[in-house]
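For reference, the structure discussed in these notes is given below.
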There are 2 protein chains.
Amino acid sequence: VTSDPAELCRLIAAVGPLDEAAMAAARARQAQLIKPPGSLGRLEELACQLAGITGQPRPRLERAVVLVLAADHGVVSEGVSAYPAAVTAQMARAVLAGQAAISVLARQAGAAVQVIDIGTAGDGVAAPAASPGGALIVRKWRRGTANLAAGPALARAEALAALTAGAAIATAAAAAGGTVVLTGELGIGNTTAAAALTAVMTGQPPAATTGRGAGLDDAGLRRKIAIVERALAVNRPDPADPLGVLAAVGGLEIAGLVGVILGAAAGRAPVVLDGYITGAAALVAVALCPAARGYLIAGHCSAEPGHRLALAHLGLAPLLDLDLRLGEGTGAVLALPLVRAAAATLDQMATFAEAGAAGKGNR
Amino acid sequence: VTSDPAELCRLIAAVGPLDEAAMAAARARQAQLIKPPGSLGRLEELACQLAGITGQPRPRLERAVVLVLAADHGVVSEGVSAYPAAVTAQMARAVLAGQAAISVLARQAGAAVQVIDIGTAGDGVAAPAASPGGALIVRKWRRGTANLAAGPALARAEALAALTAGAAIATAAAAAGGTVVLTGELGIGNTTAAAALTAVMTGQPPAATTGRGAGLDDAGLRRKIAIVERALAVNRPDPADPLGVLAAVGGLEIAGLVGVILGAAAGRAPVVLDGYITGAAALVAVALCPAARGYLIAGHCSAEPGHRLALAHLGLAPLLDLDLRLGEGTGAVLALPLVRAAAATLDQMATFAEAGAAGKGNR
């Protein structure tokens with residue numbers, strides 16, 4: 001792992017524009033398929049986007065991997081979460097054991113799971129004896145962040161190192177080709193960091209970007225908003241310096257997710273975003289590298305109110321809107337069948353000519 | 001096939017209420033799973049509904065079948081569709097050949113497909129030499145409906161016979177247990193019938209329930225609205241007589257779908273609705289048998305404007321909203337992974353006790 005800033009420059013430079021020729025070819029084929037033009041709605045745009053991402057006129061997405069980055073947050077000491085920090089590592093263990101929501105959903109969807117301990121507190125993730133739920137990767141040089149309400153959560157070099165580690169993992173996942181990269185996370189307290197990041201990167205006030213997370217009551221929500229306000233007052237993060245914002249009010253898993261997005265995009269893999277945390281990471285990733293935006297697919301819109309603001313700022317329309325607020329990557333994996341459906345209809349449906357059927361107006 | 005009205009009474013009486021005990025057990029388990037309470041959003045309600053439908057506290061949905069009912073519409077002679085009537089049978093053949101959108105999506109989702117020719121025009125569906133896309137069932141005693149703008153589309157006995165045939169097919173599909181029944185249809189001109197049915201059953205004017213179908217231009221849309229208005233003026237259908245409405249302004253595939261819904265509900269199978277046509281069938285089914293409503297899951301909301309009105313009238317919130325307007329069952333099959341996800345998370349996630357993790361507030 002490196003915290004060399006030149007590595008980030010190389011990563012950003014490696015993210016190319018979408019392949020216009022592949023998109024044009026996909027659009028042309030789409031128009032010939034045995035259905036009324038446009039009748040597959042958003043799946044048609046999505047199929048063209050997938051062609052542009054992969055550079056293939058008929059993209060085949062044979063693999064999918066959920067990268068679940070786990071880390072802890074010093075701000076939990078302020079009482080911003082309904083759960084204790086120890087739950088981060090416990091949930092990571094449950095994912096590996098195949099017991100968590102993401103384990104069940106990934107198995108159902110045929111997606112592999114990798115849990116990346118990129119900064120859990122204490123002794124970290126105790127891998128279970130059997131881990132049918134996925135593989136554990138440890139990329140950890142710090143046990144959770146500092147309290148972002150009292151100063152920077154991370155040193156700039158630490159944020160960069162986590163970002164670089166995430167990028168390397170995503171690049172490796174994308175290397176096989178035809179791989180959908182799904183983003184996930186575990187981190188008690190991380191909706192507080194996401195609220196601070198989203199406030200800075202979208203220019204919205206903390207009261208608009210801060211929600212109940214895993215289940216705060218009204219008093220808890222008020223306290224959390226005040227904490228986010230304090231974090232911004234103490235750190236004065238500058239949205240023109242996204243890496244600085246990430247270090248000041250982010251988290252190790254969020255920095256890792258920024259890297260995952262950039263690494264997957266550099267590897268021409270589609271990136272399916274999950275909820276609020278991965279959306280906050282996307283705000284930073286796109287600010288660092290605007291070309292990365294084209295590689296993003298918003299899996300769902302979370303019940304956390306700030307997520308809608310983040311998606312709007314990114315110009316992304318979510319595929320699902322089911323009041324989910326679990327994280328782990330669940331909203332991304334639930335959207336995976338739609339991503340595959342978009343690619344499969346483009347690739348596998350017959351054209352009117354192939355089917356010998358009458359097209360529109362041929363009566 | 002029978003057109004005995006007593007058969008309809010037996011069918012309606014066979015649809016029982018949701019199983020409250022199974023729902024309560026599902027809700028109790030849901031509260032113990034390793035996630036913040038409510039964090040799986042609409043999937044949690046859906047899982048409880050599936051428990052109520054199947055009578056199982058942890059429903060296992062191992063099978064899924066898409067019933068694609070195909071029939072033609074005399075009203076096509078009025079120029080209400082951008083496609084000729086021959087396309088209905090051609091598309092049915094393409095489904096059987098595995099070439100259509102529903103073929104691709106059902107294969108991807110692991111759902112079986114049955115194409116039911118319940119009244120196509122002319123020589124009907126010519127089954128291809130190989131039919132990897134599904135099985136063909138013929139339940140046909142009439143080649144398309146009469147022009148609903150000039151008189152009743154069907155005799156009451158014909159509508160009843162199609163309904164009874166659809167019910168028998170769904171009952172057979174549900175008999176294995178653990179089966180999700182997905183509704184689909186093919187029928188050039190059938191958005192005109194759906195617009196008329198929806199206007200009658202919801203009390204909305206034809207201008208609000210009539211859309212562009214497979215791709216009408218502005219002039220075509222105006223003509224189609226006038227046709228629907230004429231159909232209502234000529235037939236004067238009475239919403240208090242749902243079977244009469246179905247005969248007057250429905251269609252053979254729509255009548256069959258009413259039967260599919262009732263037959264599946266009688267067999268305690270969840271029914272996933274597709275778009276506007278299946279929504280219109282649901283309006284009739286629920287008017288005939290209010291208990292059937294609890295068995296319905298709205299797969300998606302179609303781009304056809306009347307569909308949103310139909311779903312609102314039924315009190316159903318769609319799982320997907322992707323601007324689809326293809327029919328065939330595509331929106332239902334795209335929602336199938338979400339239905340399975342709801343059941344799988346309820347059944348397969350660990351409880352906090354099982355995982356040895358700390359719950360909310362246990363810090």
Of the conditions (1) within 12 Å of chain B (Cβ to nearest Cβ); (2) surrounded by fewer than 24 Cβ atoms within 10 Å (Cβ to Cβ); (3) touching a helix residue (DSSP H, G or I) at 6+ places or on another chain (Cβ under 6 Å); (4) closer than 20 Å to A:Ala28 by Cα, A:Pro57 satisfies every one except a single condition; which number is it? (1)
Six or more apart or on different chains, Cβ under 7 Å: which pairs go from a residue in segment B:155-180 that's free of Cβ contacts under 8 Å to residues at least 12 places away in the same chain and farther than 15 Å from B:Leu69 by Cα to one that's crowded, with 20+ Cβ neighbours inside 10 Å and of a type in the set (Val, Ile, Thr)? Could you list them? none
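Condition check ((1) touching a His at 6+ places or on another chain (Cβ under 8 Å); (2) touching a residue at least 12 places away in the same chain (Cβ under 8 Å); (3) buried (at least 19 other Cβ atoms within 10 Å of the Cβ)) across all residues:
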{"residue": "A:Glu7", "(1), (2), (3)": "no, yes, no"}
{"residue": "A:Leu18", "(1), (2), (3)": "no, yes, yes"}
{"residue": "A:Ala28", "(1), (2), (3)": "no, no, no"}
{"residue": "A:Gln32", "(1), (2), (3)": "no, yes, no"}
{"residue": "A:Lys35", "(1), (2), (3)": "no, yes, yes"}
{"residue": "A:Gly38", "(1), (2), (3)": "no, no, no"}
{"residue": "A:Cys48", "(1), (2), (3)": "no, yes, yes"}
{"residue": "A:Ile53", "(1), (2), (3)": "no, yes, yes"}
Total residues in segment B:116-154, condition farther than 13 Å from B:Ala71 by Cα, touching a residue at least 60 places away in the same chain (Cβ under 8 Å) and surrounded by 15 or more Cβ atoms within 10 Å (Cβ to Cβ): 6
Criterion (touching a strand residue (DSSP E or B) at 6+ places or on another chain (Cβ under 7 Å) and of a type outside the set (Phe, Trp, Tyr)) met by exactly one of B:Ala70, B:Ala146, B:Ala97: B:Ala70
Search segment A:259-275 for residues being in a helix (DSSP H, G or I) and in contact with a strand residue (DSSP E or B) (Cβ under 6 Å, 6 or more places away or on another chain), and hand back the single one that is surrounded by the fewest Cβ atoms within 10 Å (Cβ to Cβ). A:Ile261
Kindly list, by first and then second residue, each pair from a residue in segment B:239-262 that is within 17 Å of B:Pro290 (Cα to Cα) to a residue that is outside any helix (DSSP H, G or I) and of a type in the set (Ser, Thr, Tyr), limited to pairs with Cβ atoms under 8 Å and residues at least 6 apart or on different chains. B:Leu257/B:Thr183; B:Val260/B:Thr183; B:Ile261/B:Thr183
Which one is nearest to the other protein chains (Cβ to nearest Cβ), of the residues in segment B:326-352 that are outside any helix (DSSP H, G or I) and within 17 Å of the chain's Cα centre (by Cα)? B:Leu326
Of B:Gly220, B:Gly215, which residue is within 14 Å of chain A (Cβ to nearest Cβ) and within 23 Å of the chain's Cα centre (by Cα)? B:Gly215
Only one of these conditions is not met by A:Ala157: (1) surrounded by fewer than 24 Cβ atoms within 10 Å (Cβ to Cβ); (2) at pLDDT 95 or above; (3) touching a Gly at 6+ places or on another chain (Cβ under 9 Å); (4) under 19 Å from A:Leu243 (Cβ atoms). Which number is it? (3)
In segment B:96-107, what count of residues is obtained for those that are out of contact with any Asp or Glu (no Cβ under 7 Å at 6 or more places or on another chain), within 20 Å of B:Ile188 (Cβ to Cβ) and assigned to a helix (DSSP H, G or I)? 2
How do the pairs read when you match residues in segment A:56-84 that are more than 24 Å from A:Arg139 (Cβ to Cβ) with residues anywhere that are part of a strand (DSSP E or B), using Cβ under 9 Å and keeping only pairs 6 or more apart or on different chains? A:Leu61/A:Thr179; A:Leu61/A:Val180; A:Glu62/A:Thr179
Residues of segment B:108-126 being of a type in the set (A, V, I, L, M), within 14 Å of chain A (Cβ to nearest Cβ), in a loop (DSSP other than H, G, I, E, B) and touching a strand residue (DSSP E or B) at 6+ places or on another chain (Cβ under 8 Å), in sequence order, are B:Ala111, B:Val125
What about A:Ile297, is it crowded, with 24+ Cβ neighbours inside 10 Å, within 14 Å of chain B (Cβ to nearest Cβ), modelled with pLDDT of 95 or more and touching a helix residue (DSSP H, G or I) at 6+ places or on another chain (Cβ under 7 Å)? yes
Might you let me know whether segment A:276-283 holds any residue that is more than 11 Å from the chain's Cα centre (by Cα), modelled with pLDDT of 95 or more and surrounded by 24 or more Cβ atoms within 10 Å (Cβ to Cβ)? no
Considering segment B:2-32, residues that are touching a Ser or Thr at 6+ places or on another chain (Cβ under 6 Å) and not in a helix (DSSP H, G or I), and then whichever is modelled with the highest pLDDT, we arrive at B:Gln32
Within segment B:41-88, residues assigned to a loop (DSSP other than H, G, I, E, B), under 30 Å from B:Arg223 (Cα atoms) and out of contact with any Ser or Thr (no Cβ under 8 Å at 6 or more places or on another chain) come out as B:Gly79, B:Ala82, B:Tyr83, B:Pro84, B:Ala85
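So that you can scan it fast, the table gives a plain yes or no per residue for (1) among the hydrophobic types (A, V, I, L, M, F, W, C); (2) closer than 13 Å to B:Ala341 by Cβ:
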residue: A:Gly306; (1), (2): no, no
residue: A:Gly315; (1), (2): no, no
residue: A:Pro318; (1), (2): no, no
residue: A:Leu336; (1), (2): yes, yes
residue: A:Val339; (1), (2): yes, no
residue: A:Thr345; (1), (2): no, no
residue: A:Met349; (1), (2): yes, no
Could you say whether any residue in segment B:342-349 is in contact with a Gly (Cβ under 9 Å, 6 or more places away or on another chain), under 18 Å from B:Leu33 (Cα atoms) and modelled with pLDDT of 95 or more? yes
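The rows are residues; the columns are (1) at pLDDT 95 or above; (2) in a loop (DSSP other than H, G, I, E, B); (3) not hydrophobic (A, V, I, L, M, F, W, C).
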{"position": "B:Ala173", "(1), (2), (3)": "yes, no, no"}
{"position": "B:Thr198", "(1), (2), (3)": "yes, no, yes"}
{"position": "B:Gly215", "(1), (2), (3)": "no, yes, yes"}
{"position": "B:Lys224", "(1), (2), (3)": "yes, no, yes"}
{"position": "B:Arg230", "(1), (2), (3)": "yes, no, yes"}
{"position": "B:Asp238", "(1), (2), (3)": "yes, yes, yes"}
{"position": "B:Leu257", "(1), (2), (3)": "yes, no, no"}
Given the condition more than 23 Å from A:Asp117 (Cα to Cα) and hydrophobic (A, V, I, L, M, F, W, C), answer yes or no: does some residue in segment A:272-280 qualify? no
The listed residue being surrounded by fewer than 20 Cβ atoms within 10 Å (Cβ to Cβ), of a type in the set (D, E, K, R) and closer than 24 Å to B:Ala344 by Cα, out of B:Glu62, B:Glu44: B:Glu62
In segment A:1-43, residues that are of a type outside the set (A, V, I, L, M) and at the interface with chain B (Cβ under 9 Å from one of its Cβ atoms) total 7
Contact list please: Cβ distance under 9 Å, first residue in segment B:309-325 and away from every other protein chain (no Cβ under 14 Å), second residue among the charged types (D, E, K, R), pairs at least six apart or on different chains. B:Leu314/B:Arg293; B:Gly315/B:Arg293; B:Leu316/B:Arg293
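The values are calculated or read from the model by the stated rules, or taken from the named source; none is laboratory data. As the structure is a prediction and not an experimental result, all values here were calculated from the model. Virtual Cβ from ideal backbone geometry, glycine too; neighbours counted across all protein chains shown.
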